[in-house]
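Colleague: Mind looking over this structure? Questions follow.
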Amino acid sequence: MNDPKIEYVIATHSKLAIGLLSTIEFIAGKQKNITCFTAYVDHCLDFENKIDDYISNSKADHIIITTDIFGGSVNNHLLELTKSDARIHLICGVNLPLILSLIVNVKGKEIDNEIKISVSEAQKGIIYCNALDNQNGSNELDEF
């Protein structure tokens, strides 16, 4: 049996999505299954129609969409689409550790659980670094 086809979408206000993809590709190499939508700027002024067309033309078994902010216009539009398309998995609060974890860990076999693990890993990467010295008693940090 073939692995499920998974596509990733980074959809943000302005150009955050392009910056994230650029950094991901700097770290992990060229990614052929990630698409960016820079809502309301440049060639994506009509974000809703562009993302709707992308989703309706997608042949993926799963479309994992990350957005910048819960309650924002980008996320709100996509949240509505989850009600009519079970392929869509929507995650808000996108950051670099989340995307990297998703592309490494999500295989589509137990996709809901795989996504939850990636979200949890990304949340653990948000750290107030000033407090590290007090907690660890050391200034030594591991590089990734």
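Colleague: Note down all Cβ pairs under 7 Å where the first residue falls in the stretch 104-115 and is free of Cβ contacts under 8 Å to residues at least 24 places away in the same chain, the second is surrounded by 11 or more Cβ atoms within 10 Å (Cβ to Cβ) and not charged (D, E, K, R), and they're at least six residues apart or on different chains.
Modeller: Matching pairs, first to second residue: N105/I117; N105/S118; E114/N105; E114/V106.
Colleague: Within the stretch 100-128, which residues are in a helix (DSSP H, G or I), under 19 Å from T82 (Cβ atoms), under 12 Å from the mean Cα position of the chain (by Cα) and not small (G, A, S)? Working first, answer last.
Modeller: Keep residues of the stretch 100-128 that are in a helix (DSSP H, G or I), which gives 100-105, 111-124.
If we keep only those that are under 19 Å from T82 (Cβ atoms) as well, we get 102, 111-116, 118-119.
After this cut, where a residue has to be under 12 Å from the mean Cα position of the chain (by Cα) as well, the list is 102, 115, 118-119.
Within the stretch 100-128, L102, I115, V119 meet the criteria.
Colleague: Something else about it: For the condition of a type in the set (A, V, I, L, M) and in contact with a Leu (Cβ under 8 Å, 6 or more places away or on another chain), what is the one hit in L96, L100?
Modeller: Checking each option against the conditions leaves just L96.
Colleague: Now, a different point. Say we look at the stretch 1-21 and pick out the residues that are assigned to a helix (DSSP H, G or I) and of a type in the set (G, A, S); which of these is nearest to G108 (Cα to Cα)?
Modeller: Across the stretch 1-21, the extreme among qualifying residues is A17.
Colleague: Which ones in the stretch 1-21 are within 11 Å of the chain's Cα centre (by Cα) and either open to solvent by 50 Å² or more (accessible area, probe 1.4 Å) or not acidic (D, E) (or both)? Talk me through it step by step, then tell me what you get.
Modeller: Filtering the stretch 1-21 for residues within 11 Å of the chain's Cα centre (by Cα) gives 7-12, 17, 20-21.
Selection gives Y8, V9, I10, A11, T12, A17, L20, L21.
Colleague: Among residues belonging to the stretch 82-101 that are in contact with a strand residue (DSSP E or B) (Cβ under 6 Å, 6 or more places away or on another chain) and of a type in the set (A, V, I, L, M), point out the one that is nearest to P4 (Cα to Cα).
Modeller: I88
Colleague: Could you give every pair whose Cβ atoms fall below 7 Å, whose first residue belongs to the stretch 1-19 and is among the charged types (D, E, K, R), and whose second residue is open to solvent by 90 Å² or more (accessible area, probe 1.4 Å) and assigned to a loop (DSSP other than H, G, I, E, B), counting only separations of at least 6 or pairs across chains?
Modeller: The qualifying pairs are D3/K107; K5/K59.
Colleague: Another question, if that's okay. Identify, from the list I111, I127, I117, the residue that is farther than 20 Å from I27 by Cα, of a type outside the set (S, T, N, Q) and in contact with a strand residue (DSSP E or B) (Cβ under 6 Å, 6 or more places away or on another chain).
Modeller: Values: I127 fails: in contact with a strand residue (DSSP E or B) (Cβ under 6 Å, 6 or more places away or on another chain); I117 fails: in contact with a strand residue (DSSP E or B) (Cβ under 6 Å, 6 or more places away or on another chain).
Sole residue among the options that is farther than 20 Å from I27 by Cα, of a type outside the set (S, T, N, Q) and in contact with a strand residue (DSSP E or B) (Cβ under 6 Å, 6 or more places away or on another chain): I111.
The values are calculated or read from the model by the stated rules, or taken from the named source; none is laboratory data. From a predicted model like this one, the values you see are computed outputs, not experimental measurements. No Cβ is skipped: glycine too gets one built from the backbone with ideal geometry, and neighbour counts run over all protein chains shown. Protein only, heavy atoms only, side chains kept; ligands, DNA and RNA dropped before computing areas. Shrake-Rupley method; radii C 1.70, N 1.55, O 1.52, S 1.80 Å.
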